Amino acid sequence: MLKKVEDLTKKTSVSIIQTKAPSRLENPKDEVTISKDIKVNTLPQDPLVSEVKTVEIPQEEAGKNLIGKRVVTQDRNNPIAIADPDGNYFYALSTPQFDQVNAHNIAYRTLAMFEKLLGRKIPWAFAKEQIFVLPHAQEGKNAYYDRWGENVSFFYFNSPELKKIVQTSQSQDVVSHEGGHAALDGLRPGYLYSFDKEIRAFHEAFGDITAMMLALQDEDNLDKVISETKGDLTKESLITRLGEEFGKAVHLANQDPNDDNRIYLRSALNNFKYADPNTLPNSNDENTLTGEAHNFSRLFTAAFYDILTSLFKEFKNQNLDDKTALTQARDVLSKIFTYGIELSPRNSGTYNEIAKAMLSAEKNIFGGKYKEILKNIFKERKILSLKDLEEVDHPLPEINLPKINISKGAINLLKQNLKRLNLPENINLKVEEIFTNQKGETFIHYKFAKDIPLDKSCGRYQEYSVNLSGGVSLAFNQKGKLFHFNFDPVSKEKISRNILGLKEIIRENLICRHQGKGGGYLKGNNQLYKAAYMEKERKIIPVPVID
Ligand SMILES: [Zn+2]
């Protein structure tokens with residue numbers, strides 16, 4: 001979630017140096033599954049712009065003490081919330097138990113939203129059914145997702161200007177952003193095993209887009225967006241402003257009087273155009289697009305928001321009222337975006353690749369109805385070139401899913417079709433994942449990996465190597481016909497982008513000794529280590545922890 005490391009650390013009176021990341025407490029006990037709805041108090045948006053409301057959720061999500069089937073909330077510093085005799089959680093905003101229930105519920109809503117959109121279960125990127133939510137992890141101005149620690153952690157800090165302790169676990173934007181990182185990591189673990197800056201930036205955009213999508217699920221938020229913008233979505237609103245309270249606290253605390261009225265951490269409104277993030281400075285500035293992941297993420301987030309705005313206009317032109325038009329725009333775009341992730345390469349998510357996958361998703365779900373809207377915006381933002389736009393319309397070869405046990409026949413299927421798919425003959429692939437969704441579509445992901453030795457330019461790591469992955473993905477419709485294909489080679493370009501990303505991590509001193517999966521990847525000053533070296537193996541791996 002973090003944006004301005006330097007600003008935050010230099011200008012805050014709160015000091016937080018903890019080298020060990022918070023780890024989870026004891027294992028959760030099994031809960032009895034009861035299928036009824038319960039009521040919980042929650043904030044449907046950031047605390048600065050919303051009021052507590054009571055919503056209904058399935059009881060299996062929270063159980064008797066915030067132990068749900070997929071999410072478990074733990075708190076070292078406060079007693080954990082307990083359901084009342086009817087199973088409800090009616091805690092007041094000023095209590096730590098409210099923060100626990102709120103973060104638990106939002107993390108759950110995030111997962112449930114994506115699972116519903118995809119029509120399948122999303123596994124976590126670690127071999128467990130439950131993720132831990134730590135609503136009061138420690139003092140500081142940050143929040144993060146930690147695959148190895150199997151948790152999402154939310155920090156808190158004193159804001160003398162706002163006269164309160166800012167609890168990031170109260171903010172729907174922050175919790176769903178981190179929950180978004182966790183869900184994306186479950187779908188595409190390869191993204192966090194890349195050193196490519198742009199893929200990390202896409203992870204950030206995904207977090208912010210998740211926050212916008214989830215906020216738009218709430219009826220009151222829809223009404224507020226319409227009244228705040230008077231039906232003109234190019235105006236700022238509670239959807240375009242991300243992390244209102246956090247942003248306001250930070251801007252009031254820093255030395256710059258010019259940003260005091262800025263009530264967001266990031267905004268979805270900008271006119272940035274694509275440039276390779278490796279060619280941009282790594283600083284952080286509101287008005288400039290830089291290569292820093294959170295800063296660069298704003299370009300893709302804005303492209304997403306542009307599409308929402310265009311779809312909204314399109315539905316308004318069909319004489320729908322503002323709220324219905326916004327609801328439909330939300331539903332169409334949420335499907336295209338989420339299904340686009342499903343169709344993206346399994347180990348690479350550059351802006352270009354995601355945009356192409358979204359176009360393929362649109363074609364598959366809506367048959368090209370909204371194609372021009374997407375194409376125009378991705379072209380305007382320079383995320384797709386004219387050549388890319390032509391390529392996405394190329395027809396696929398006719399390939400059918402054989403009616404045999406596909407987990408046994410997957411390698412042969414690909415071998416037989418290498419030529420027709422224009423794939424190199426000497427490609428050495430393993431099956432990484434096969435599944436069929438509720439619609440009856442089958443996805444096969446193949447993977448290959450390459451060790452890349454580092455050279456002198458990597459200084460003390462010149463005798464180390466990194467492992468880069470690529471792959472092939474095939475998707476078949478209900479009738480077994482190939483409808484989507486992508487090839488993600490470990491190309492010269494991919495190697496160069498990863499090495500550039502790694503060199504920057506080394507330069508910025510964000511590399512540490514590999515310390516296993518128990519944590520220790522928080523550097524202090526709210527900074528996370530991005531890579532870890534393994535001395536014995538002479539390998540450097542990315543650290544799958546992201547803020
Ligand atoms: Zn993030």
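If you check Glu198, Glu228, Glu178, Glu204, which single one turns out to be touching a Ser or Thr at 6+ places or on another chain (Cβ under 7 Å) and within 13 Å of the ligand (Cβ to nearest atom)? Quick ask: steps written out before the conclusion?
Numbers: Glu198 fails: within 13 Å of the ligand (Cβ to nearest atom); Glu228 fails: within 13 Å of the ligand (Cβ to nearest atom); Glu178 fails: touching a Ser or Thr at 6+ places or on another chain (Cβ under 7 Å).
Testing whether each residue is touching a Ser or Thr at 6+ places or on another chain (Cβ under 7 Å) and within 13 Å of the ligand (Cβ to nearest atom) leaves just Glu204.
Do we find that Leu192 is within 16 Å of the ligand (Cβ to nearest atom) and outside any strand (DSSP E or B) in this structure?
Details: within 16 Å of the ligand (Cβ to nearest atom): yes; outside any strand (DSSP E or B): yes.
For Leu192, the condition - within 16 Å of the ligand (Cβ to nearest atom) and outside any strand (DSSP E or B) - is met.
Would you confirm whether any residue within the stretch 354-368 is more than 24 Å from Gly471 (Cβ to Cβ), among the charged types (D, E, K, R) and at pLDDT 95 or above?
So in the stretch 354-368, the residues more than 24 Å from Gly471 (Cβ to Cβ) come out as 366-368.
The next check asks that each one be among the charged types (D, E, K, R); those that pass are none.
No, there is no match, as no residue in the stretch 354-368 is more than 24 Å from Gly471 (Cβ to Cβ), among the charged types (D, E, K, R) and at pLDDT 95 or above.
Modelled with pLDDT of 95 or more, in a helix (DSSP H, G or I) and farther than 19 Å from Ala302 by Cα, is that true of Leu413?
Values: modelled with pLDDT of 95 or more: yes; in a helix (DSSP H, G or I): yes; farther than 19 Å from Ala302 by Cα: yes.
When the stated conditions are applied, Leu413 passes them.
Report yes if some residue within the stretch 275-284 is within 16 Å of Asp208 (Cβ to Cβ), touching a residue at least 40 places away in the same chain (Cβ under 8 Å) and either acidic (Asp, Glu) or within 16 Å of the ligand (Cβ to nearest atom) (or both); otherwise report no. Talk me through it step by step, then tell me what you get.
First, the residues of the stretch 275-284 that are within 16 Å of Asp208 (Cβ to Cβ): 284.
Those still in the list that are touching a residue at least 40 places away in the same chain (Cβ under 8 Å) too: 284.
Next, from what is left, pick out any that are either acidic (Asp, Glu) or within 16 Å of the ligand (Cβ to nearest atom) (or both): 284.
Checked the stretch 275-284: at least one residue is within 16 Å of Asp208 (Cβ to Cβ), touching a residue at least 40 places away in the same chain (Cβ under 8 Å) and either acidic (Asp, Glu) or within 16 Å of the ligand (Cβ to nearest atom) (or both).
For the stretch 480-547, list the strands (runs of 3 or more DSSP E) that sit wholly inside it and hold at least 2 residues that are in the same structural domain as Trp148 (by TED's automatic domain parsing), at pLDDT 95 or above and crowded, with 20+ Cβ neighbours inside 10 Å; which are they? Step through it out loud before you land on a result.
Values: elements: 482-488, 511-513, 522-524, 531-534, 539-542.
So the answer is none; nothing clears 2.
The values are calculated or read from the model by the stated rules, or taken from the named source; none is laboratory data. Just so we're clear, the structure is a prediction, and the values are computed from it rather than from any experiment. Because the Cβ atoms are built from the backbone with ideal geometry, glycine has one as well, and the counts that use them run over all protein chains shown.
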